[in-house]
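Here is the structure we will look at.
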Ligand code: BV8
């Protein structure tokens, strides 16, 4: 079937087999950290040293992580597909880009970027950040933060995302528990305002599983290549 516009939503589950922790699985990040302490602006204001340590540890993890067969299959799909393929990821890792995907929106920001609270400049930064780190652009110290979207903050590029959801004819959700909004609401939006075929590829049923026309369960490194092969052979 020649889908003109494919939108693929990904979450932490697609990077699980690359060794990056998920959030809500049995030994997930939110079982070891209180998300209010490390993924909210209030938590950062309260204890910036602790929050920098949390993100420094995740940046170090990311330096050792490599894309898995699921990321590579999506990059293959984007290259081979005649229509357009957009990845909207909740993930702050860059494994989609490392696998070769180009059309990627990081709606929750990126671990490899930092933002200055004084001049708002966003720049690439793959190493540790400290409370007294200085902005390379404006020179002000003490206002740099990870360029990630914390709870209570507005996700990025939402207008582009909703335009893509309204025009897509295939919506695939991969490796997300469907607990964090607005991403968790995308499938309901597509069903209400769009016309797409909806597919969930996940290890376990997500909170929104009943809203998907098709669901397949198993590890992304198996499900995603098989699904992409089906699309390319159809
Ligand atoms: C906003 C970036 C508004 C930082 C993250 C009450 C009800 C409804 C909503 C709310 C509410 N109270 C508050 C809210 C809003 C809140 C929210 O949804 N809270 C939830 C917890 C209830 N949302 C927000 O605050 C968002 N902003 O709403 O703004 C606004 C309006 C106007 C003006 C200003 C603001 C912002 C949310 C973004 C928060 N930032 N991360 C960082 O990463 O450090 S969220 C974090 O969770 C990550 O981004 C992560 O991607 C995301 C979602 O988690 P998942 O990716 O789904 O990961 P999870 O571990 O949960 O699940 C993993 C899945 O993978 C599982 O299903 C598992 O089965 C599967 N899996 C595991 N292994 C595999 C696998 N699948 C396949 N293969 C495998 N091998």
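What follows is calculated from the coordinates using simple rules that are stated; it is not laboratory data. As the structure is a computational prediction, the values presented were derived from the model and not from experiment. In this analysis, Cβ positions are derived from the backbone assuming ideal geometry, glycine residues included, and neighbour counts consider all displayed protein chains.
Couple of notes before you dig in:
- For the range 121-234, the calculated P(r), taken from all Cα-Cα distances in 5 Å bins from zero up to the bin holding the longest distance, is 2, 10, 16, 15, 14, 13, 9, 9, 7, 4, 1, 0 percent.
- Rg over Rh for the range 4-108 works out to 1.03, both radii taken from alpha-carbon positions and Rh defined as the Kirkwood radius.
- Kirkwood Rh and Cα Rg combined as Rg over Rh, evaluated for the range 50-162: 1.01
- Residues in the range 145-176 reached by a label modelled at residue 34 [backbone nitrogen below 20 Å; 7 Å Cα→Cβ]: 150-153
- Computed from label points 7 Å out along Cα-Cβ, the spacing between residue 159 and residue 234 is 3.2 nm.
- Helices in the chain, meaning DSSP H runs of at least 4 residues, each add -39500 (n - 2.57). Divided by all residues, the mean residue ellipticity at 222 nm is -9500 deg cm²/dmol.
- Cα pair distances of the chain binned at 5 Å [whole percent]: 1, 6, 14, 19, 19, 16, 11, 8, 4, 2, 0, 0
- DSSP beta bridge pairing in the range 129-234, given as percent antiparallel to the nearest 5: 10
- Ordering of 66-73, 176-183 by packing [mean C-beta count within 10 Å, highest first]: 66-73, 176-183
- With the cut-off at under 11 Å, measuring from each backbone N in the range 90-125 to a point 7 Å along the Cα-to-Cβ line of residue 143 picks out 116-121.
- Between 0 and 90 degrees, the angle of helix 158-167 with respect to the longest Cα principal axis of the chain falls at about 0 degrees.
- For the range 89-155, the normalised intensity computed at q = 0.11, 0.20 Å⁻¹ comes to -0.28, -0.82 (log10 of I(q)/I(0), Debye sum over alpha carbons, equal scatterers, no solvent).
- DSSP-defined antiparallel bridges as percent of all bridges, the chain, nearest 5: 25
- Three-way shape call for the range 21-77 based on the alpha-carbon gyration tensor, with the a/c threshold at 1.5: prolate
- Shape call, the range 1-52: gyration tensor on alpha carbons, a/c limit 1.5: prolate
- If the segment from residue 204 to residue 63 were pulled out straight at 0.36 nm per residue, it would be longer than the present Cα-Cα gap by 48.0 nm.
- The distance from the alpha carbon centre of the range 190-234 to that of the range 1-64 is 22 Å, rounded to a whole number.
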